[in-house]
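Written below as structure tokens is the structure these notes are about.
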Amino acid sequence: PEVDEFLAAIRRSDEDLRWLVDELNARNEPTIVVFFGDHQPSNSVAAPVWKINGRSGDSLTEEEEALRYKVPFIIWANYDIEAASDVETSANYLGGHVLRAAGLPLYDYRNYLSQLEEQYPVLTAIRAENAQGISTPVKDVKNTLQDYMTLQYYNIFSQK
């Protein structure tokens, strides 16, 4: 039942996104839409699929576990923007991608993130992938990311 519900929700999301794009495409106002998921399906959805394939969540390799943190995203506009595909990034960098696509300047925090993205194009709660594509548990590069963690905290929680 969880898999059926998940697949039905995916189908409905696809239909709703198509409707939204069609509506916005018909307008004359320049518009950008960012569509992404914040996580892969839960274990209650994944477990039956693993079972069919003779697997379990406990048998996933480190690489397979890292894949569970990847989600697709779309940046769409009803006007011409630079196209890209197969971009691997993290949610923390997505705002910068949108600002650049819109031709808008990056403010200080986004400039910092843009520089960090050059060093670590992918950052998740469990791993950091460096510019050479080498994936490391994020705890192993915590010292390197200390400034980022501090700035992220103040960006979220400080009084503006």
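Assorted remarks:
- Exactly one residue out of Val45, Val34 is open to solvent by less than 50 Å² (accessible area, probe 1.4 Å), touching a residue at least 24 places away in the same chain (Cβ under 8 Å) and over 26 Å from Ile134 (Cβ atoms): that is Val45.
- Test: residue in segment 51-71 that is within 19 Å of the chain's Cα centre (by Cα), modelled with pLDDT of 90 or more and either outside any helix (DSSP H, G or I) or closer than 23 Å to Ile10 by Cβ (or both): no
- Residue in segment 69-92 that is open to solvent by less than 80 Å² (accessible area, probe 1.4 Å), more than 19 Å from Arg18 (Cα to Cα), touching a His at 6+ places or on another chain (Cβ under 8 Å) and hydroxyl-bearing (Ser, Thr, Tyr) present: yes
- Evaluated against (1) surrounded by fewer than 16 Cβ atoms within 10 Å (Cβ to Cβ); (2) under 25 Å from Gly37 (Cβ atoms), Arg100 falls short on exactly one condition, (1).
- Top-ranked residue of segment 48-61 - restricted to ones that are in contact (Cβ under 8 Å) with a residue 12 or more places away in the chain and open to solvent by 50 Å² or more (accessible area, probe 1.4 Å), ranked as nearest to Pro30 (Cα to Cα): Val49
- Condition met for Leu7 (modelled with pLDDT of 95 or more and in a helix (DSSP H, G or I)): no
The values are calculated or read from the model by the stated rules, or taken from the named source; none is laboratory data. Predicted model, so just to flag it, every value in this text is computed and none were measured. Cβ coordinates were reconstructed from backbone atoms using ideal geometry, including for glycine residues, and neighbour counts include every protein chain displayed. The accessibility values were calculated without ligands, DNA or RNA, using every heavy atom of the protein model including side chains. Shrake-Rupley method; radii C 1.70, N 1.55, O 1.52, S 1.80 Å.
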